[in-house]
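Here is the structure we will look at, set down as structure tokens.
The values are calculated or read from the model by the stated rules, or taken from the named source; none is laboratory data. Note that this is a predicted model, so its numbers are computed, not measured. Positions of Cβ are generated from backbone atoms using ideal geometry, with glycine treated the same way; all protein chains shown enter the neighbour counts. The protein model used for the area step is the full one, side chains on, heavy atoms only, and it has no ligands, DNA or RNA in it. Shrake-Rupley method; radii C 1.70, N 1.55, O 1.52, S 1.80 Å.
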Amino acid sequence: MKIGFEIHVQLRTKSKLFCECSTRYWEVEPNRNTCPVCTGLPGSKPYPVNKEAISMALKVAKSLGMDISKSLVFLRKHYFYPDLPSGYQRTSTPLGRNGRLGRVRIKEIHIEEDPGRYEPREGIVDFNRSGVPLIEIVTEPDMSSIEEAEAFLKELHLLLNYLDVILNPSVVFRVDANISLEGGERVEIKNINSIEGVRRALQFEIARQKRLLEMGKKVERETRHWDEARGITISLREKETEEDYRYMPDPDIPPVDITSFIENNPITIPELPWQREERLMKEYGLDKSDAHTLILDKELGEYFERLVEKTNPRFAATFVADRLRGELNYRGLDFKDVREKESSITRIAIAWFREEISKPAAIELLRRLLDENIDVEQEIKKYTLREDVEMIIDDVLRREERIVRDILSGKKEAINRLVGIVMKETQGRADPKRVKEIISQRLSRWNS
Ligand SMILES: [Zn+2]
């Protein structure tokens, strides 16, 4: 089995690829985020290629270890569809070639403009996203199982996160997958919008192709459409060839000299996930599994390093990789979602680290902090007191054996004498009703 991908990712630039409209197309009413350029009106001329888009695409290409092209030419790719008013999509020659992510070879990466959005059922077109810059990452068919394909996409997603180039976190990938089984032709599946969707589409397609081959039928070379709602692929057309699109250089856009572009706009690559994993292990002596957990959420990993400064690596790893990440996962959150609570989270960690409060108290406080707004400083005082009081109660129970025996043998009112002793030792800070409750709980446990 051979699986390969063409992956489209919208880039997090401020403006579109060839005009000054915003890229945040989902925040406005349909067809309000447009201009003559991105709606292809006659006579409109594109602006020079968005530099930010080139820089971001270069960051991705370099992180994938690609050979960078010396110049970039934008081509017109002609086809008719209602979301494409100009009748062609602008797409670049490869910006990089021959990269690699894990054991998957990356064939090439291009820059493209996104078309608009067409709803065939209602016949409605929205051009808000038309012209948003995309990168298209083309892999070789190097994956040989669904698991491997899924792992690859997750790793790519993580990389793009670290590079901070993803425009819309709710639709990171638009994927075309190609798959061929032994003895069959290569089939392309279009229109998959998530990693989960890729898994389901591949499962369906593998089963369909196996069935055909087992019956001695042919798997034709074709393009199929993934129907997310029905969970099936549908034949669209026989696979088109490059010539069908009548590619030609766009006469409105001069080629971009990439070599001098990089000289004038140096590309800086941040620490990449696999580099961070290595460093966390080396610098803090973490084991691989903690280090890996910490790189999966970039901001969480950065928080870990801030917490180490105030505690120590062992404690910070347990608190962040186990406790905090567990609580965040349970709530479907990332660290960036709770960033404004960082100082409170740190306060809880430090209170636990200094043993001002116990581990169960710290965990309880952390949970409450994530679910509601609490004044952590005040809560820590309450917990500290509560735990002090419990220690004093246990101590008194151990010392005042005779009174305890009296109570257990039926002289219930003797409990008030214990409450009195505890109140005296806590200098009246405890709540007598609560003290009485705790004593009764402890004694009923002794009794049974
Ligand atoms: Zn525009």
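Segment 374-422 and segment 37-114 have Cα centres spaced 72 Å apart.
Between R76, R200, R354, the Gaussian network model of the chain with springs among Cα atoms under 10 angstrom shows the greatest mean-square fluctuation at R354. Within straight-line reach of K70, meaning a Cα separation under 26 Å, sit the following lysines at least 8 residues removed in sequence or on another chain: K14, K16, K45, K51, K59, K62, K107. Given K310/K341; K154/K282; K282/K359; K411/K436; K190/K298, which pairs have Cα atoms separated by over 21 Å? With Cα atoms farther than 21 Å apart: K154/K282; K282/K359; K190/K298. Each residue of segment 354-364 was assigned a 3J(HN,Hα) from its phi angle through the Karplus expression (A = 6.51, B = -1.76, C = 1.60, θ = phi - 60°), giving 7, 6, 5, 10, 7, 4, x, 5, 4, 5, 4 Hz with x at Gly and Pro. Each residue of segment 217-231 was assigned a 3J(HN,Hα) from its phi angle through the Karplus expression (A = 6.51, B = -1.76, C = 1.60, θ = phi - 60°), giving 8, 9, 9, 7, 6, 7, 10, 10, 10, 8, 9, 4, 5, 8, x Hz with x at Gly and Pro. Largest accessible area first, the residues S409, S444 order themselves as S409, S444 under a 1.4 Å probe with ligands, DNA and RNA left out. Computed from the Cβ-Cβ distance with R0 of 35 Å, the FRET efficiency linking T259 to R279 stands at 0.65.
Relative to the longest principal axis of the Cα atoms of the chain, helix 273-284 runs at roughly 30 degrees.
Which net charge results when you count Lys and Arg as +1 and Asp and Glu as -1 among the other residues whose beta-carbon is under 13 Å from that of E150? Neighbourhood net charge equals -1. Can you give the accessible area of M391, probe radius 1.4 Å, in Å² rounded to 10? Accessible area, nearest 10 Å²: 140 Å². Label separation (V28 vs L296): 3.9 nm, computed from points 7 Å beyond Cα along the C-beta direction. Within the straight-line cut-off of under 16 Å between alpha carbons, the aspartates and glutamates reachable from K336 are D164, D297, E299, E302, E305, E327, D371, sequence neighbours fewer than 8 places apart in one chain being disregarded.
Based on C-alpha pairs under 8 angstrom that are at least 6 apart in sequence, the chain has a relative contact order of 13 percent. Of interest is the spacing of the C-alpha centroids, which for segment 289-330 and segment 142-175 amounts to 23 Å. By a 1.4 Å probe calculation restricted to protein chains, W446 has an accessible surface near 130 Å², given to the nearest 10. Each residue of segment 45-59 was assigned a 3J(HN,Hα) from its phi angle through the Karplus curve 6.51 cos²θ - 1.76 cosθ + 1.60 (θ = phi - 60°); the sequence is 10, x, 6, x, 4, 4, 5, 4, 5, 5, 4, 5, 5, 5, 4 Hz, with glycine and proline shown as x. Run the paramagnetic zone check for R368: 7 angstrom along Cα to Cβ, then residues of segment 392-434 with backbone nitrogen under 13 Å. It comes to no residues whatsoever.
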